[in-house]
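Participant: Below you will find the structure I want to go over with you.
The values are calculated or read from the model by the stated rules, or taken from the named source; none is laboratory data. Everything quoted here is computed from the prediction, not taken from an experiment. Positions of Cβ are generated from backbone atoms using ideal geometry, with glycine treated the same way; all protein chains shown enter the neighbour counts.
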Amino acid sequence: MQPFASQVSFSTGVIQPSGKVIERRLSDMRGMYLDTAEYDRIMREEGDRLVYQVYPVALPEEPGQVLHCTTILYPGKVGDEYHMTKGHYHQLRDRAEVYLGLAGRGYLVLQLEDGTIDKVLMEPGTAAYVPPNWAHRTCNVGDEPFIFFAAWPGDSGHDYGTIEKLGFAQLLVDRGGQPTLVPNPRYGQG
Ligand code: M6P
Ligand code: ZN
């Protein structure tokens with residue numbers, strides 16, 4: 001393989017050239033937001049919002065590679081819950097990841113499989129570390145797109161199923177203008 005470079009726009013998050021851009025809409029996240037009545041109302045009255053896009057650099061998902069991408073997470077809420085990514089564990093649980101905030105403001109929310117939760121504020125210039133074994137999700141707590149760069153080992157794999165089934169133990173919601181973690185009443189219900 002030859003060395004190469006990609007251009008990352010810090011202001012828009014677009015990577016050029018990129019692999020296939022992933023778009024996640026509200027309909028891709030059914031059941032993930034707590035306020036299902038509000039979710040249904042938005043889908044009915046406002047349509048299927050674009051929540052986030054991922055621009056990946058095209059690389060083989062194999063040991064030795066370092067995969068990297070940007071994520072553009074659009075501002076908004078479902079009820080009082082901030083727009084967020086689906087969130088995932090790595091299939092190989094001991095693979096870590098690094099995030100670098102480029103624009104906007106968000107939280108990285110992390111969880112161990114015993115339900116332990118932590119959060120890290122991410123602003124432009126914040127390098128946030130996802131240690132081995134932590135599921136990771138980002139939430140946009142600002143009024144502008146929250147844009148970050150991510151890099152992780154090529155053989156990590158994405159395990160979405162565990163989060164789709166069990167959820168995160170706590171959810172990030174707006175409480176009087178303050179991003180606040182609250183217990184997820186549906187956590188672990190499968
Ligand atoms: C980060 C990385 C990516 C991930 C993306 C969106 O950029 O962790 O691997 O795909 O966020 O998050 P998710 O895959 O959980 O929807
Ligand atoms: Zn990851």
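Participant: Could you tell me whether region 70-88 includes any residue that is within 16 Å of ligand 2 (Cβ to nearest atom), outside any strand (DSSP E or B) and over 20 Å from Glu164 (Cα atoms)?
Facilitator: Here is the first cut: in region 70-88, the residues within 16 Å of ligand 2 (Cβ to nearest atom) are 70-71, 73, 84-88.
Checking which are outside any strand (DSSP E or B) leaves us with 85-87.
Filter once more, so that each one left must be over 20 Å from Glu164 (Cα atoms): none.
No.
Participant: Can you pull out every residue in region 1-47 that is farther than 14 Å from Glu81 by Cβ and hydroxyl-bearing (Ser, Thr, Tyr)?
Facilitator: Those that are farther than 14 Å from Glu81 by Cβ and hydroxyl-bearing (Ser, Thr, Tyr): Ser6, Ser9, Ser11, Thr12, Ser18, Ser27.
Participant: Further question: Could we say that Val109 is within 16 Å of ligand 2 (Cβ to nearest atom), of a type outside the set (Lys, Arg) and surrounded by fewer than 14 Cβ atoms within 10 Å (Cβ to Cβ) here?
Facilitator: Details: within 16 Å of ligand 2 (Cβ to nearest atom): yes; of a type outside the set (Lys, Arg): yes; surrounded by fewer than 14 Cβ atoms within 10 Å (Cβ to Cβ): no.
The answer is no for Val109.
Participant: Looking at Phe149 and the list (1) within 11 Å of ligand 1 (Cβ to nearest atom); (2) more than 13 Å from the chain's Cα centre (by Cα), which single condition is not satisfied?
Facilitator: Exception for Phe149: condition (2).
Participant: Just to be sure, is Leu172 closer than 16 Å to Glu81 by Cβ and over 15 Å from the mean Cα position of the chain (by Cα)? Working first, answer last.
Facilitator: On the way: closer than 16 Å to Glu81 by Cβ: yes; over 15 Å from the mean Cα position of the chain (by Cα): no.
Considered against the rule, which asks whether it is closer than 16 Å to Glu81 by Cβ and over 15 Å from the mean Cα position of the chain (by Cα), Leu172 comes out as no.
Participant: If you go through region 159-172 one residue at a time, do you hit one that is among the acidic types (Asp, Glu) and under 23 Å from Arg49 (Cα atoms)? Show your work before the answer.
Facilitator: Our first condition is that a residue be among the acidic types (Asp, Glu); within region 159-172, this holds for 159, 164.
Narrowing the set further to residues that are under 23 Å from Arg49 (Cα atoms) leaves 164.
Among the residues of region 159-172, at least one is among the acidic types (Asp, Glu) and under 23 Å from Arg49 (Cα atoms), which makes the answer yes.
Participant: Could you list all residues from region 152-167 that are within 11 Å of ligand 1 (Cβ to nearest atom) and either farther than 25 Å from Thr126 by Cα or of a type in the set (Phe, Trp, Tyr) (or both)?
Facilitator: Listed by number, the residues that qualify are Trp152, Asp159, Tyr160, Ile163, Glu164.
Participant: Quick check on my filter: what residues within region 149-162 are of a type outside the set (Gly, Ala, Ser), more than 17 Å from Asp28 (Cα to Cα) and outside any loop (DSSP other than H, G, I, E, B)? Spell out how you get there, then give the answer.
Facilitator: To start, the set of residues in region 149-162 that are of a type outside the set (Gly, Ala, Ser) comprises 149, 152-153, 155, 158-160, 162.
Still in the list and also more than 17 Å from Asp28 (Cα to Cα): 149, 152-153, 155.
Of everything in region 149-162, those that are of a type outside the set (Gly, Ala, Ser), more than 17 Å from Asp28 (Cα to Cα) and outside any loop (DSSP other than H, G, I, E, B) turn out to be Phe149, Trp152, Pro153.
Participant: Continuing with this model, one more query. Anything in region 7-41 that is closer than 23 Å to Gly161 by Cβ, within 17 Å of the chain's Cα centre (by Cα) and surrounded by 16 or more Cβ atoms within 10 Å (Cβ to Cβ)? List them, or say none.
Facilitator: Arg24, Leu26, Met29, Met32, Tyr33, Leu34
One line per residue, one yes/no per condition, for (1) more than 17 Å from His68 (Cβ to Cβ); (2) in a loop (DSSP other than H, G, I, E, B); (3) modelled with pLDDT of 95 or more:
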| residue | (1), (2), (3) |
| --- | --- |
| Asp118 | yes, no, yes |
| Pro124 | yes, yes, yes |
| Ile147 | no, no, yes |
| Glu164 | yes, no, yes |
| Leu172 | yes, no, yes |
| Gly190 | yes, yes, no |
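Participant: For region 62-101, name all the residues that are under 30 Å from Gln2 (Cα atoms), more than 11 Å from ligand 1 (Cβ to nearest atom) and buried (at least 20 other Cβ atoms within 10 Å of the Cβ).
Facilitator: Gly101
Participant: In region 123-168, how many are out of contact with any Ser or Thr (no Cβ under 7 Å at 6 or more places or on another chain), in contact (Cβ under 8 Å) with a residue 24 or more places away in the chain and within 16 Å of ligand 2 (Cβ to nearest atom)?
Facilitator: The qualifying residues number 25.
Participant: Now, a different point. Can you tell me which residue among Gly64, Gly87 is in contact with a strand residue (DSSP E or B) (Cβ under 8 Å, 6 or more places away or on another chain) and of a type outside the set (A, V, I, L, M)? Don't jump to the end; show me each part of the working.
Facilitator: Numbers: Gly64 fails: in contact with a strand residue (DSSP E or B) (Cβ under 8 Å, 6 or more places away or on another chain).
Just a single option satisfies the conditions, and that option is Gly87.
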